[in-house]
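Structure record follows, encoded as structure tokens.
Derivation of every value follows stated rules applied to the coordinates shown; laboratory data play no part. These numbers were taken from a predicted model, which means no experiment stands behind them. Note: ideal-geometry Cβ built from the backbone for every residue, glycine included; neighbour counts use all protein chains shown.
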Amino acid sequence: MYDIVFSGKFYYDGSFQDLDIGVSDGIIVEIKKHINFSHRILKNAVIPAGTDTHVHFRDPGETEMEDFNTGTVSAAFGGTTTIFDMPNNRIKIDNYAAYKDKLEIVRRKAYCDFGLYSMFNGGNSNIISKESSGIKIFMGNTTNVDSNIDTNSNEIDMINNMNIPVVFHAEDKYCLDKNFINAKNPKEYSRSRPQLCEDIAIKKAENMNFKNGIIAHITHAMNTKYFREAAPHHLLLNDEMPLKSYGKVNPPLRSPEIQKDLLDYFTGGNVDLISSDHAPHTQKEKEDFQYASAGIIGVETRMPLMLALVEKKITTFENFYRTCIYNPAKLFNLKKGIIKKGYFADFMTVDFTKMKRLNENRLHSKNPVSPFNDFDVLFPDDVIIRGNRIIEGGELINDQLGKYVNDLR
């Protein structure tokens, strides 16, 4: 009846409870106080593993920065068992042929489960792959993209009929062009891509009336009819920190005051999901701020940073769970993120007494320099994906277990 039964203190139905979880073919089939079967005991707190809906693994085309192998290994070490990869590769994923080519390249490399976005440019809805996990709309210039979205109701209807999330990089191109300066430090960079450019883009996005809309990486407390995604770097970093080009990101880090307001906004329960916006670059690309590429790594540190906020009582466990685990899986129609019959057995174990300072040299990205170096973090000890342990005692013990999310449905 069972392939394996896990026994431990699981986060179930809003509290931690001593339970046995029966698993068959990677799916939870029984939840009881006791199951008469040999047990695999999980120590410490057992939490559903996380989903990161916003990463840039650079594969294919720029694998000197990252690839699906190192990116998904990094995700697993951080307690994330599903990622969704963005389409702004060097060859843009804006048609079904490019999507198919990318899928064939990355599927054999994945250590965790994954989905792929396609890019909507305003006029390509008829050639976007129907397999796409999500749609990304870039409203201004960023890595490998220099665009403005201009579309019509027919195109919008075709995207809405796909019934998948539509994620906006909300910085308005015309506003960015108007405010452009050759910024030489984080404060100047924030002035060159001001909050106003986000606000203009968000209003334009709302007027398009997409279903399932998500505003990515908000940098300030704001209202919108769409879901709100925040990234740890905008919650925890600001433009007065001595981060040099490793603090250069789109949209930019803001002032300490705006950053604190956003953190309060998050702790107040006003953010819907936390994603990493993991965007690695080589050290050479980060040498000089003025010419450095924008992007911060974070897929491995996303949940450890948030768990540290829980342990320090800056936010509640429930808020962490909702934004890092439950909502991302629910919004992307995954049977993950909750301990429930019929859902995948994706777990992580956490010892809340093991908070430590981040050592970037122990991260698993190809380019591991992190602006969060020396921040408090709480990494999981064990990570289980579909009933298979991939991380044990903080060590990688399994091979490429990752599957394409469409193959799991």
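See the values below:
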| read-out | value |
| --- | --- |
| For residue 112, distant residues with modelled amide H under 5 Å away | 402 |
| Alpha-carbon centroids, region 300-376 and region 63-120: separation in whole Å | 20 |
| Computed E for residue 152/residue 174 - FRET, C-beta separation, R0 22 angstrom, nearest 0.05 | 0.70 |
| Distance between region 188-229 and region 241-267 - C-alpha centres, whole angstrom | 16 |
| Selected from 159, 294, 352, residue furthest toward positive end of dipole (the chain; charges at beta carbon) | 352 |
| Cα-projected label distance for residue 290 with residue 398, points at 7 Å along beta-carbon direction, nm | 5.0 |
| Amide H partners (placed H, <5 Å) of residue 390, local residues excluded | 383, 384, 385 |
| Relative contact order (percent, whole number), the chain, Cα cutoff 8 Å, 6+ residue spacing | 20 |
| Note, ³J(HN,Hα) from phi for region 141-148, Karplus 6.51, -1.76, 1.60, rounded to Hz, x at Gly and Pro | 6, 7, 4, 6, 9, 9, 9, 9 |
| Label-zone membership for region 210-247, site residue 314, 7 angstrom Cα→C-beta point, backbone N under 20 Å | 217-222, 229-244, 246-247 |
| Rg/Rh (Cα only; Kirkwood hydrodynamic radius) as it applies to region 256-299 | 1.13 |
| In Hz, Karplus ³J(HN,Hα) per residue of region 75-91 (6.51, -1.76, 1.60; θ = phi - 60°; x = Gly, Pro) | 4, 4, 4, x, x, 9, 10, 9, 10, 10, 9, 6, x, 8, 5, 4, 9 |
| Spin-label pair residue 43/residue 107, simplified geometry with 7 Å Cα→Cβ offset, distance in nm | 3.9 |
| Kirkwood hydrodynamic radius of region 256-409, Cα pairs, Å | 17.3 |
| Between region 145-183 and region 1-18, the alpha-carbon center distance in angstrom | 43 |
| Backbone N under 16 Å from the residue 204 label point (7 Å along Cα→Cβ), restricted to region 228-257 | 251 |
| 222 nm mean residue ellipticity, helices alone, for the chain (DSSP H n ≥ 4; -39,500 (n - 2.57); rounded to 500) | -6500 deg cm²/dmol |
| Karplus-derived 3J(HN,Hα), 6.51/-1.76/1.60, for each residue of region 278-286, Hz, glycine and proline x | 4, 9, x, 9, 6, 4, 4, 6, 10 |
| GNM result for the chain, Cα springs below 10 Å: residue of 353, 267, 143 fluctuating most strongly | 353 |
| Pairs from 244/284; 32/336; 92/203; 173/260 whose Cα-Cα separation, in the structure shown, is over 22 Å | 92/203; 173/260 |
| Simple spin-label estimate for residue 244 and residue 211 in nanometres, 7 Å along Cα-Cβ | 4.9 |
